[in-house]
Structure formats: structure tokens, C-alpha cells
Amino acid sequence: MYNNSIIVRDLGLQHWKIVSDLMQAFTTIRTVETLDELWCVEHYPIFTLGSLGTRKDIIKPVKIPIMHTNRGGKITYHGPGQQIIYLLLDLKRRNISVRNIISLIENSVVDTLNYFFIKSHIMHEYPGVFVKNKKICSFGLRIKKGCSLHGFSLNVCMDMRPFSYIYPCGNKKINMTQIYDFKKNINCTTIKLVLIKKIVNFLKISSIFYK
């Protein structure tokens, strides 16, 4: 029963630290009977350093806050106009692996972009989703108590300049892009609805509760 339902929360524009703390607390207190959740959010400008990240990946002084996080990966940037979806899933209960979740993210994003006639692809040497060899989607996960935390960010229509202050994902070869570079009339609200539908379909969920 629990695997057939999911709660979707639209959190709007939020400070990263507030949402991160709520996500950690949710995972700590959840039980085998807690429904899985998807949290849809945009963040005020912030750089986050994953478990493998270092300040060497910051290539010029920045006034934007830099926060450490327990997700995997290195450094990335979050800001308004970037659609983030946190996947709070009980992997043990669903009997799915971390690789399954990564595939779910990749396929959901690729299918969503394809829905808007934007052709994207996976580069197996670099995590994420790419359009014309530029990165449009980044992801990072953590597993705790057999459950996933964190998720992925899809660049929609945002100020891209802060990405030039860092080596995105700690890689000097990666350049970033966003949906606006290919389609001008798409916003996060539109993207979010399609992403949710794709994720729910991949998880084979029949009941969605919007909060």
C-alpha cells in the first residue's frame, strides 16, 4: 500500500538551510509506515559543497553563501529559476538501489526535456544530464536508514553567472546551460508538473497527495 502512494510538497522559494534541516529531520523520524515524499523547491542563491567538494573548486571570490552538505558529489550552485526536486524515498521498502534512483532521475529529466522538444543525453563519464554537451541537470544523493535524501536540480530560467565562479561538480571541463537557452517560454511551474508526472510513472505510483 505504502509504495502505491506519495506526498508531493510544493515549497516555493526557500532558504537552502531551512529545507536541508527539515529533510534531515524527516528522514530521522520516518518509519516503515511513512509515505515517501517529493519536495519541489527553488532556493535563494547559495553554493553547496558535497561530501567530495573542496573550496579549491571556487575559482574567484564570491559573496554568495557557501554551505557544506552531506549529499554526494562536489560543488554546485542553486538559485531562483532552478527547479529542485528532493526525493525522500524508502529504497529498502521499494526494493530499489541507488543506481535505480540515479536512472530514475536521468530518465525523468531526459523525458521531460524531450516533452518540450529539447534533446538531451547522458555522459557516462560525468554524472548529470546534458544538452549539446553542456550540463543542464545536476544531482546528488545520500542514503540514511535505507532511505534517500537530496535529489536533483534542473536549470530552467535563472542567472547563470554564479556557475562561472566555480568548477561545476569540481570539473574544469563542464559548462552549464539552462532550458531558457533553448526554449524561452518555459518556467519552473510548467517544468515541475511534467517532472512529477515522469517520476511518479517510473515509480509506478497510483495515488498522489499534494500538500
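Here, each number is a calculation from the coordinates, and none is a lab measurement. Quick caveat: nothing in here was measured; it's all calculated off a predicted structure. Note: ideal-geometry Cβ built from the backbone for every residue, glycine included; neighbour counts use all protein chains shown.
Here are the numbers for the structure shown:
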{"quantity": "Extension reserve of the Asn201-Lys172 stretch, reckoned as 0.36 nm per residue once the Cα distance is removed", "calculated": "6.9 nm"}
{"quantity": "Percent of C-alpha pairs per 5 Å bin, the chain, short to long", "calculated": "1, 7, 16, 21, 22, 17, 11, 4, 1, 0, 0"}
{"quantity": "Virtual paramagnetic centre 7 Å along Cα→Cβ of Asn187, amide N under 15 Å, in the stretch 9-39", "calculated": "12-13"}
{"quantity": "Antiparallel bridge percentage (DSSP; both residues within the chain; nearest 5)", "calculated": "65"}
{"quantity": "Length added when fully stretched, His121-Lys144, from 0.36 nm per residue minus Cα-Cα", "calculated": "5.3 nm"}
{"quantity": "Relative exposure of Val98, Val8, judged by other C-beta atoms within 10 Å (fewest first)", "calculated": "Val98, Val8"}
{"quantity": "Note, ³J(HN,Hα) from phi for the stretch 200-207, Karplus 6.51, -1.76, 1.60, rounded to Hz, x at Gly and Pro", "calculated": "4, 5, 5, 7, 6, 9, 9, 10"}
{"quantity": "Amide proton proximity set for Val8, modelled H, under 5 Å, gap of 5+", "calculated": "Leu38, Phe209, Tyr210, Lys211"}
{"quantity": "Unsatisfied cross-links (Cα-Cα over 29 Å) in the set Lys17/Lys92; Lys74/Lys144; Lys63/Lys119; Lys63/Lys198; Lys144/Lys197; Lys60/Lys198", "calculated": "Lys63/Lys119; Lys63/Lys198; Lys60/Lys198"}
{"quantity": "³J(HN,Hα), Karplus 6.51/-1.76/1.60, whole Hz, each residue of the stretch 15-29, x for Gly, Pro", "calculated": "5, 4, 4, 4, 5, 4, 5, 5, 5, 5, 5, 4, 5, 5, 9"}
{"quantity": "C-alpha long axis of helix 98-115 to longest principal axis of the chain, angle in °", "calculated": "70"}
{"quantity": "In nm, spacing of pseudo-spin labels at Asn100 and Ile208 (7 Å Cα→C-beta vector)", "calculated": "2.1"}
{"quantity": "Residues Thr112, Thr69, sorted so that the one with the fewest Cβ neighbours within 10 Å comes first", "calculated": "Thr69, Thr112"}
{"quantity": "Calculated diffusion of the stretch 63-105, Stokes-Einstein form, Kirkwood radius summed over Cα pairs, 10 °C and 1.306 mPa s, µm²/s", "calculated": "121"}
{"quantity": "Filtered GluC sites (Glu not before Pro), the stretch 31-111: DSSP coil and at most 14 other beta carbons within 10 Å", "calculated": "Glu33"}
{"quantity": "Centroid-to-centroid separation of the stretch 88-149 and the stretch 1-80 [C-alpha atoms, Å]", "calculated": "15"}
{"quantity": "Cross-link reach list, aspartates and glutamates versus Lys134, counting only Cα pairs under 20 Å and skipping chain neighbours closer than eight places", "calculated": "Asp57, Glu106, Asp111, Glu125, Asp159, Asp181"}
